[in-house]
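Report on the following structure.
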Amino acid sequence: MEERDDGTWFSDDPLPPDSDGGHLNRETFVESIVALLEKVGRQQNSSVLGLIGPWGSGKSSILNGIANRMRSTERTERRWVITEFNPWYYQDLASLQSGFFRELSSSVPNNRSWRKFRQRVADLGDALAPLGSLGAVVGVDASGAIGGVSSLIRGGTSIESVKTAVESELRKADRPILVVIDDVDRLDPAELLLLFKLIRLAGRLKNVYYLLAYDEDTLLDALGRTGLIGADTPRRAIDYLEKIVQIRLDVPPLRGEQVSTWVDHEVEALAERHSVEIDSEFESRFSRAYFGHLRARLTTPRAIKRYFAQVDAFLSQVRGEVDFVDFLVLSWLRASEPLIYRGLIDNRSRLLGEFDWATLGSRNRGRDVDADHRYWRDFFSTARVDPSRTAGVAELVGLLFPRFAHEWSDTPQVFSGWKPGPGRISNPDYFDRFFALGVPEEDLSDRVVAEASRQILERRDGLERQIVEAAWPERANLVIGKLSLLWRPGDTAVLPGLTWLARQFEKLPEHKEIADSRMRARWFGRDLYVGLDERNADAFIAGVGSDPKILQFCAFLVDGAHLRREEQGEARASGSLPSEQRLGRLIAGAFEAQAAANPLDYPDDVWYLIRTWERLDSGAVQRWADLRLTQGDWPVLDLLARMVGTIIPLGVRDPVARIDGLDLQFVDRVVGLARVQSDLANEIQRALPSIEREAPATPDNRRAFVLATLQSHFQATMLEEEAALHEPNLDETETGSR
């Protein structure tokens, strides 16, 4: 389908006759009015017809259709003269009055047969116009107009005689004139009364007919504010209007089926123009929005036109980057409830459930249903939502934001969380796109990431891959989040992607934060790795290289796979799989590369691998430690000091590692507690009884903590052994008693 190129779609001009795709069937209504006008025109006496309908119901479009048909050269009936009088063009009552006659005069053909008619209309205007505005009457200057009025007065010529002369010319021409007046309801009360007076007294010429278009409620309200009617007698306004308008032409209200068909057509056309896929999920979700509230508000052609103009204007900028249904719903809010639209931006944190220290305590205590209701009722009130429409608008906001739907409900439980899919406005990675109407500079286009993904998996370079890698590591979380939607666990095609991720991992800084980019990369990689068969798992380990940071990443994946197998009851001996054996050898190489360096000088990236190495090949770790200790390369105390665990405080700038504990079982497996007790007997005996557990993890504090821990352990062991020696032998006691 071609792009829309008619400017009226994006303006408030009347819709072209075919812009609704024929869904409203207005052609039949227009033809019936044209037939009625022909019938009315044959009686010669002037009549006033009123085209009545609410604002936006398509009155102007219908008027255009009527005028076009009646101007058509194909008509077999006598040709009509059509003039369109727009009262809005005139700034005051005098210009409105003179303009009325000017339009009537200038509407007829500019030839000799109509010359006398134009002069007679000028005479009639002269007779009625205020002296101050006589110069505005067509064809007459001020002095001539005054002279004309003087001659009328001296000659005793009455207004009726002037009207008779005009009608005589009209009969000679034998062509009816239709004066079309739109937007009558937008005049102020004084202008409205003057217009009706002109139509009633001056304009009721034979062969001259009037077609007025207005919203009846608005018009009656304006009449009620005039001195003629008064607000306290509303029925008088109806009676007065009945005297002006002889024939009512009520615009047929849109039927639900008509609107639904038109809306379906526009949505499908948008999807085709912008290459957006419509699936069953789209249909289900949009149906909820449409039948939940949109149908109740899309009741006029103007409302439908305005809505889809909003969508069409910006969809090309976000196509493929945001969820289509969410964009349709938000576009309606932007067009019809603009303060709600702005309020969503202000309430981003609450709607998305972003971490907020200020509300953490209240969230932990549970949900205050009344407080939530008050908050959102105030929200709708501030946004000036009609109270009768609040429930419907809330339904739409709830479709966009599940957290809001929960807070708007009476459910007492705290919101349990919901992971929004890609493109959804409730997804923090996509929220800003809906309001920026595009991809912000600090964001990455989904289309760019998707193409970069293909390039990575196909092991080739490309512009998109370069863009993604340039965003790493600053926007690593964003990249990981998008790739996690494209790379599925268990798919062997992601093996090149996992290798790419491992090599990118070493570029990530150690932030030590909750779910920082390093941790997210590990979790994402683990999910991909555990889905690989052993052949591909081994190929992955073989292809990553020997950099300690990459091996640390691989260790996390292999350990995760090991735990997964244990959970599934498939435990194997450590290091029995080819992939695990290969990783064990690579880690051993990283430790051997440190040669005889003191353990306390080992880089963290290498030392963090020791636990995985010990699980994969405990014998190799024992031999490595024994060799260094036997050769005297290391003090045993320094090796144990390096084994002290540490913690890093979160949310602290430039955090200092602090002592956390010492796993004596691990010490026993690697070194042997008997050897430790023998080698460090004197130091253990002289050790201070304790050291602060969370003291800074300096080398001296580490050593002191080791000695204090060993002292406590061996003392406790000795006491247990002594107690065991003094316990009575139960077997001997029982024998003696017998």
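Bear in mind these aren't lab numbers, they're just calculated from the coordinates by the rules spelled out. Since this is a predicted model, take the numbers as computed values, not measurements. Because the Cβ atoms are built from the backbone with ideal geometry, glycine has one as well, and the counts that use them run over all protein chains shown.
What distance in nm separates the simple spin-label points at E38 and M519, each placed 7 Å from Cα in the Cβ direction?
Spacing of the two 7 Å Cα→Cβ label points: 8.1 nm.
What fraction of the Cα pairs in region 226-278, stated in percent, has a spacing above 13 angstrom?
It works out to 73 percent of all Cα pairs.
Just subtract the alpha-carbon distance of H265 and V656 from 0.36 nm times their residue separation and send over the number in nm, one decimal.
Fully extending the segment from H265 to V656 adds 134.5 nm.
R0 = 35 Å: FRET efficiency of T299 with R225, Cβ-based, nearest 0.05?
After rounding, the FRET efficiency stands at 0.85.
At 0.36 nm per residue, and after removing the present C-alpha to C-alpha distance, how many nm does the segment from D605 to Y89 gain when stretched out fully?
177.8 nm
Name the trypsin sites (Lys or Arg not before Pro) in region 555-626 that are in a loop by DSSP and that have at most 11 other C-beta atoms within 10 Å, would you?
The qualifying sites are R572.
Starting from the Cα of S381, move 7 Å in the Cα-to-Cβ direction to define the label point; list residues of region 325-343 whose amide nitrogen is under 19 Å from there.
339-341, 343
Counting only the backbone N, which residues of region 467-503 are under 11 Å from the spot 7 Å out from the Cα of E510 toward its beta-carbon?
The answer is none.
Among A596, I684, V621, which residue has its Cα furthest toward the positive end of the charge dipole of region 581-696, with +1 on Lys/Arg Cβ and -1 on Asp/Glu Cβ?
Value: V621.
For region 40-126, which trypsin sites (Lys or Arg not before Pro) pass both filters: DSSP loop (anything but H, G, I, E, B) and at most 15 other C-beta atoms within 10 Å?
Within region 40-126, the qualifying trypsin sites (Lys or Arg not before Pro) (loop, at most 15 other Cβ atoms within 10 Å) are R42, R75, R78, R79.
Which residues among region 459-491 fall inside the zone where the amide N is under 17 Å from a point 7 Å beyond the Cα of R503, along Cα→Cβ?
Backbone N within reach: 459-473.
Would you mind getting me the FRET efficiency between D232 and A190? Use the beta-carbon distance for r and R0 = 25 Å, nearest 0.05.
0.80
Which loop trypsin sites (Lys or Arg not before Pro) in region 401-464, with loop taken from DSSP, have no more than 13 other Cβ atoms within 10 angstrom of their Cβ?
R459, R460
Out of residues 5 or more away from L486 or on other chains, whose amide H comes under 5 Å of its own, with H placed 1.01 Å from N in the peptide plane?
none
Over 29 Å between C-alpha atoms is what I'm after, so list which of K59/K206; K419/K549; K39/K172 land there.
Checking Cα-Cα distances, K419/K549 exceed 29 Å.
Any idea how far apart E722 and L339 come out in nm if each label point goes 7 Å out from Cα toward Cβ?
The modelled label-to-label distance comes out at 8.2 nm.
Taking square-rooted eigenvalues a ≥ b ≥ c of the alpha carbon gyration tensor, is region 571-680 rounded, prolate or oblate, where a/c under 1.5 means rounded and, failing that, a/b exceeding b/c means prolate?
Note, shape of region 571-680 comes out oblate.
Once you have the Cα-Cα distance between S484 and V414, take 0.36 nm times their residue separation minus that, and quote the gain in nm to one decimal.
Between S484 and V414, full extension yields an extra 22.4 nm.
Just to be sure I understand the curve: with the Debye formula and one point per C-alpha of region 256-436, what is log10 I(q)/I(0) at q = 0.15, 0.20 Å⁻¹?
Values, matching the q order: -0.90, -1.52.
How large is ³J(HN,Hα), in whole Hz, for each residue of region 563-569 in order, when computed from phi with the Karplus curve 6.51 cos²θ - 1.76 cosθ + 1.60 and θ = phi - 60°, using x for Gly and Pro?
5, 4, 5, 5, 5, 8, x
Name the long-range amide H neighbours of V81: under 5 Å, sequence gap of 5 or more, or other chain; modelled H, no Pro or chain starts.
I177, L178
Once every Cα of region 537-620 carries one equal point scatterer and solvent is ignored, give the base-10 log of I(q)/I(0) from the Debye formula at q = 0.13, 0.16, 0.17 Å⁻¹, two decimals.
Debye intensities relative to I(0), on a log10 scale: -0.39, -0.58, -0.65.
What is the spin-label model distance, in nm, from T28 to F435 if the labels are put 7 Å beyond Cα along the C-beta direction?
The modelled label-to-label distance comes out at 4.7 nm.
Answer with one residue from T612, P649, L498: the one whose Cα lies farthest towards the positive end of the charge dipole of region 496-654, charges on Cβ with Lys, Arg +1 and Asp, Glu -1.
Farthest towards the positive pole: L498.
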